[in-house]
Structure formats: C-alpha cells, structure tokens
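The values are calculated or read from the model by the stated rules, or taken from the named source; none is laboratory data. Worth saying up front: this structure is predicted, and the values here are computed from it rather than measured. Please note: Cβ atoms are built from the backbone with ideal geometry, for glycine as well, and neighbour counts cover all protein chains shown.
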Amino acid sequence: MAEVYDDSSTRRDIVFQDPPWAAHLFGSPRWAWLWLLPRLYVGYSWLESGWGKINNPAWTTGEPLRGFWANAAAIPESGRPAIAFDWYRAFIQTLLDSGSYTWFADLIMIGEVLVGIALILGAFTGIAAAAGGFMNWNFMMAGTASINPLLFLLSVFLILAWKNAGWIGLDRWLLPMFGTPWKPGRVFARQRA
C-alpha cells in the first residue's frame with residue numbers, strides 16, 4: 001500500500017499497488033496466450049448453448065423456460081427447494097405470473113449467442129465475461145449446477161484479465177480505439193478535442 005500526501009500533510013489519495021505477478025498476469029499482453037483457451041472454452045459453451053436454443057422451436061414460445069422457472073420456484077412438501085433464497089424465488093415467481101418467459105426466452109437465446117461470439121472473437125472480453133458470469137449466477141441461483149460454476153469461475157478470471165484476455169483477438173484494436181470510461185481511446189479523444 002502506498003499512501004500519497006500533499007504538502008499540507010492531509011491524506012489526498014491512497015493507491016494500492018498490485019503485486020508484480022498479478023500486474024503481469026492480468027495486464028500484460030505477454031500473458032494473452034494464457035487467457036485464450038479459457039476464453040474460447042467459455043465462448044464456445046455459450047455459443048453452443050444459445051445456438052441450440054435458437055434452433056429449438058419450443059424455445060421461441062418460452063415454454064421450456066416456463067417449465068424451468070416453475071420447477072425452480074416450486075416448494076416441495078419434503079426436502080429443500082431448488083431456490084434457496086426466498087427473495088429470488090419471489091422474483092422468479094413474479095416473472096412466471098406475468099408471463100415474462102415469452103420474451104425472456106428470446107433474451108436468453110440472444111444473450112448466450114452474443115456473449116459466445118464476443119468471447120470467441122475477443123471483443124470487449126471483460127464486458128462479455130461479466131454478462132456471461134451474470135447469466136451463470138442466475139442459473140445457479142435458480143438451482144442449476146451443470147457447468148455453470150466452472151463457467152462462472154472462468155468468467156471471473158476473464159473479468160480480472162480484461163486488459164489482456166482479448167489481446168489475441170479484436171480487443172487488441174478495440175481497447176486502444178475506444179478506451180475506458182476513465183481514459184477515452186482515440187475515437188472519444190477526438191470528440192472531446
């Protein structure tokens with residue numbers, strides 16, 4: 001930890017430095033090759049899942065999602081319910097009661113495909129991994145394990161490595177072009193000038 005003080009000895013800013021290994025692993029393009037395989041695996045998993053749903057005519061009606069939500073929200077007479085948190089069960093039940101599964105199924109299909117494509121191409125990798133991790137979290141909250149815990153963990157690592165996880169991909173050009181909210185890239189720097 002490095003504390004920075006001004007001349008009047010009042011605390012102005014505290015900066016926590018990353019350990020050198022973390023700065024290199026999560027921020028140096030030299031380590032981009034390490035993130036390529038997990039990124040492709042997670043991306044392919046999302047693309048395959050979303051594409052399978054798009055090619056399943058039942059998914060366009062939302063019925064499979066309705067069934068999943070109904071099973072997840074059900075409170076069995078004996079044993080533990082699939083959803084452990086009452087607030088999340090109430091949320092899913094509200095979506096069920098309002099018939100939201102008809103449009104939510106489309107959102108899931110499109111979201112899975114877009115996350116998969118973005119991760120495979122290495123385009124805005126940190127954002128795509130965060131969106132995929134959020135979907136994994138929701139699936140796990142609804143009581144589905146499957147490969148969701150592994151995909152969630154890999155997504156967390158891809159989020160941590162957002163600066164270099166897509167370097168072997170489109171982020172090599174996209175990140176310098178668009179920048180970040182705290183440091184605009186070439187596109188937004190021109191607009192400010």
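Some points to look at:
- Output for region 169-191, where each listed residue is among the charged types (D, E, K, R) and under 16 Å from Ala128 (Cβ atoms): Asp171, Arg172
- Residues (in contact with a Phe, Trp or Tyr (Cβ under 7 Å, 6 or more places away or on another chain) and over 18 Å from Met177 (Cα atoms)) located in region 102-118: Ala105, Met109, Glu112, Val113, Val115, Gly116
- Taken together, Ile110, Ile83, Ile75, Ile117 contain a single residue that is part of a loop (DSSP other than H, G, I, E, B), surrounded by fewer than 20 Cβ atoms within 10 Å (Cβ to Cβ) and not small (Gly, Ala, Ser), which is Ile75.
Rundown of residues vs (1) at pLDDT 95 or above; (2) under 18 Å from Trp51 (Cβ atoms); (3) not aliphatic (A, V, I, L, M), yes/no style:
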| position | (1), (2), (3) |
| --- | --- |
| Gly116 | yes, yes, yes |
| Ile120 | yes, yes, no |
| Ile127 | yes, no, no |
| Phe134 | yes, no, yes |
| Ala145 | no, no, no |
| Leu153 | yes, no, no |
| Leu160 | yes, no, no |
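- The set of residues in region 86-107 that are buried (at least 16 other Cβ atoms within 10 Å of the Cβ) and not in a helix (DSSP H, G or I) contains only Ser100.
- Helices (runs of 4 or more DSSP H) contained entirely in region 122-191, each with at least 3 residues that are in contact with a helix residue (DSSP H, G or I) (Cβ under 6 Å, 6 or more places away or on another chain) and free of Cβ contacts under 8 Å to residues at least 24 places away in the same chain: 125-141
- Boolean, Gly43 is surrounded by 12 or more Cβ atoms within 10 Å (Cβ to Cβ) and at pLDDT below 95: no
- Reported count of residues in region 142-178, each being surrounded by 17 or more Cβ atoms within 10 Å (Cβ to Cβ) and among the basic types (Lys, Arg), is 1.
- Single condition Gln93 does not satisfy, out of (1) over 23 Å from Leu175 (Cα atoms); (2) within 18 Å of the chain's Cα centre (by Cα); (3) not acidic (Asp, Glu): (2)
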